[in-house]
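Read-outs: derived from the displayed coordinates by stated rules, not from any lab. This is a predicted model, so every value here is computed, not measured. Glycine gets a Cβ as well: all are built from the backbone with ideal geometry, and neighbour counts include every protein chain shown.
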Amino acid sequence: DRCRWIALKAGRVGFGGGRDIVGLAAGLGAELVVGSQIEGTLGAVANLHLAAAFAATSRYPAELNSGHSFEDDVLAPLPVVDGWMAVPDAPGLGVQLDEAALDRLRVD
């Protein structure tokens with residue numbers, strides 16, 4: 001029997017490791033699925049970029065929580081429209097700091 005699915009999570013393997021796993025999945029003929037762990041917006045955005053970079057290797061959408069499941073996050077969550085999240089086009093990962101949340105969560 002062979003490996004049928006490989007779950008790819010940027011928080012566990014990073015982008016370089018993700019590239020290597022994409023190659024491994026292709027070599028095994030396995031399906032690749034990018035998904036989130038329990039993480040905030042930063043982790044979800046990292047997974048979103050990883051999924052977009054390797055979209056041609058998977059028939060399945062990424063599973064992203066985008067930070068919506070947390071009460072507070074220091075980053076503004078990405079909007080989800082009709083079940084889709086757009087890859088931010090701002091520099092870096094394209095995230096926006098939520099200054100009010102940062103002030104509220106700061107510990108001196």
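Counting only Cβ charges, +1 for Lys and Arg and -1 for Asp and Glu, the dipole size of the chain around its Cα centre is about 620 debye. Shape analysis of the chain places it in the prolate category; the axes a ≥ b ≥ c from the Cα gyration tensor give an a/c of at least 1.5, with a/b above b/c. When the Cα positions of 33, 23, 102 are compared along the charge dipole of the chain, 23 comes out farthest toward the positive end, with charges on each C-beta of Lys, Arg, Asp and Glu. Across the chain, the longest run free of exposed loop sites, meaning trypsin sites (Lys or Arg not before Pro) lying outside DSSP classes H, G, I, E and B with no more than 15 other Cβ atoms within 10 Å, spans 5-58.
Adding -39500 (n - 2.57) for every DSSP H run of four residues or longer, then dividing by how many residues the chain holds, sets the calculated 222 nm ellipticity at -11500 deg cm²/dmol. Once C-alpha pairs closer than 8 Å and six or more residues apart are averaged by separation and normalised to the residue number of the range 7-60, the relative contact order reads 45 percent. Once you have a ≥ b ≥ c as the square roots of the Cα gyration tensor eigenvalues for the range 5-49, tell me rounded if a/c is under 1.5, and otherwise prolate or oblate according to whether a/b is larger than b/c. Taking the square roots of the gyration eigenvalues as a ≥ b ≥ c, the range 5-49 is prolate.
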